[in-house]
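The structure appears below as structure tokens.
What follows is calculated from the coordinates using simple rules that are stated; it is not laboratory data. No experiment lies behind these values; they were computed from the predicted model shown. Reconstructed Cβ throughout: ideal geometry from the backbone, glycine too, with neighbour counts over all protein chains shown.
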Amino acid sequence: MAASVEMWNILVMGFAFMFIFTAFQTTSMIEPTVLQSYKNSTNPDKRINGYTSLGIIYSVFTISNWLAPSFIGVFGPRVSMIVGGICYALFISSLIEPRTWSVYSGSVVIGYGASVIWTGQGNFLTINSTPETISRNSGIFWALLQSSLLFGNMYVYFKFKGQEETISNPTRRNVYTVFTTICGLGICLLFLLRKPRDMVIQLNEGEKELSQNIRPRRKSSEKRTALESLKIAVKMFFTKDMLLLSLCFAYTGIELTFFSGVYGTCVGNTSLFSDAKRQIGLVGMLIGCGEISGGLMFGIFGKRTNKFGREPIVFLGMICHWICFLLIFLNLPDMSPLQAVSRVKETYIIFHPPSLPVAVVCAFLLGFGDSSFNTQIYSILGSLYEEDSAPAFALFKFVQSLTAAIAFFYSLQLSLRWQLLILVISSLFGTLGFFLVEWKARRIVSEGYAPISS
């Protein structure tokens, strides 16, 4: 019965996030292109920029991650995820009729909501898992979450048919009204989450320990004061292990920016593709297929694929991304992140004209490599920081969102080749940082010590 409660919570949370992020992840992929089209329409607000909006989101997300553990400590993970989901719905609805004040205000709101929903998710995942099930549960959640890219972009692919140069106003209104409704369905599902078995057991164990004059051990699901949660997060951030893992967190933020905002824009701006704007949806679907494949392979079937540890999977993700970056470098115009390109000028393209099948393969590799990194990050944080999972996941999202925000802002200026170079360098350092912590964790386990905590 207890196990069924935990699996129920994992599945319900996964489906809820699938709905919420079917709306948001597709929104973030098409927002720069949609707002670029809006500025070319009649009587537009020309001050709006999609990259700026996404940069604001991740900037606020960065700062708010320091406050999120306090929020989770006071209200618990379930309420926190519901509040975060409402913030997502408010932002998506602001794009139905975009105005500078509403879109940028919505970007601030969702930035805070993102910190709350993701820290709550990491905490809730941990307290519904054991060290033996954390990889499996992370994989199940990740596969459900990333299927949002498949469904959302499938809708966009068919909805943008015939939108050759710009996305029309009626199409934009229809798309974001549907996405707001889908996000609302995800929020409703969060109300079906049940009280984790872990919380009940801890209460009984705590009473037993007190009766025996033993100081109770604090668990990740216990509520803390806001100040206590903040102190733990700050102390944890400056530990050697967290600083090394932060190199890996940083890379996931940079490549999050690339696959969620930049790559789709590059494809949509490459007018050498037939029906280029529509292909943003196709690219998004293949990113989703890659994410789902990685979640299934490294999470749900983790007992087979993880038998040699987590680092081979992270290394595989790095290699997949390096191959992908090389192909993108050789396939897409250098200025495609910044403007529409109708003919090949200064470029290193070897495919004449640029190949859509190659672009689609790169999309799959982007998603597969991203899932390789993220499933193993979830696994290592859930294993090493079992007692303090909320601060640990908040720090993960802090570093990830910080580098994502930086990447969105430099995406306003840098051409494709420089963005790819940054990705290659950061992936190398991120992989090395993960390796060092994983090797230490394995040594600690072999020597019979307790998990790392603050």
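Cross-link pairs exceeding 19 Å in C-alpha to C-alpha distance, out of 39/277; 195/231; 397/440; 231/440; 277/397; 235/397, comprise 195/231; 397/440; 231/440; 277/397.
Around residue 295, under 13 Å between beta carbons, what's the net of Lys plus Arg minus Asp minus Glu among the other residues? Charge balance near residue 295 sits at -1. Report the one residue of 89, 112, 34 whose Cα lies farthest in the direction of the positive end of the charge dipole of the stretch 1-136 (charges on C-beta: Lys and Arg +1, Asp and Glu -1; origin at the Cα centre). The Cα lying farthest towards the positive end belongs to 34.
A simple spin-label model places pseudo-atoms 7 Å from Cα toward Cβ; at residue 421 and residue 97 they are separated by 4.6 nm.
Compute the whole-percent fraction of alpha carbon pairs in the stretch 247-296 spaced more than 12 Å apart. In whole percent, the long-distance tail amounts to 67. With each label modelled as a point 7 angstrom along the Cα→C-beta vector, the residue 181-residue 194 pair spans 3.1 nm. Remark: the stretch 102-195 carries a charge dipole of roughly 240 debye about the Cα centre, counting +1 on each Lys and Arg Cβ and -1 on each Asp and Glu Cβ.
Close amide H contacts of residue 49 (hydrogens built in the peptide plane, cut-off under 5 Å, sequence separation of 5 or more or a different chain): none are found. Taking a Cβ cut-off of under 13 Å around residue 239, the surrounding Lys, Arg, Asp and Glu residues balance to a net charge of +1, with basic ones at +1 and acidic ones at -1. Contact order, relative form, for the stretch 7-91: 25 percent (alpha carbon pairs under 8 Å, 6 or more residues apart, mean separation divided by residue count).
Take the Cβ atoms of residue 326 and residue 271, set R0 to 25 Å, and the FRET efficiency comes out at 0.60.
Extension gain, residue 173 to residue 63, is 36.5 nm, computed as 0.36 nm per intervening residue step minus the present C-alpha separation.
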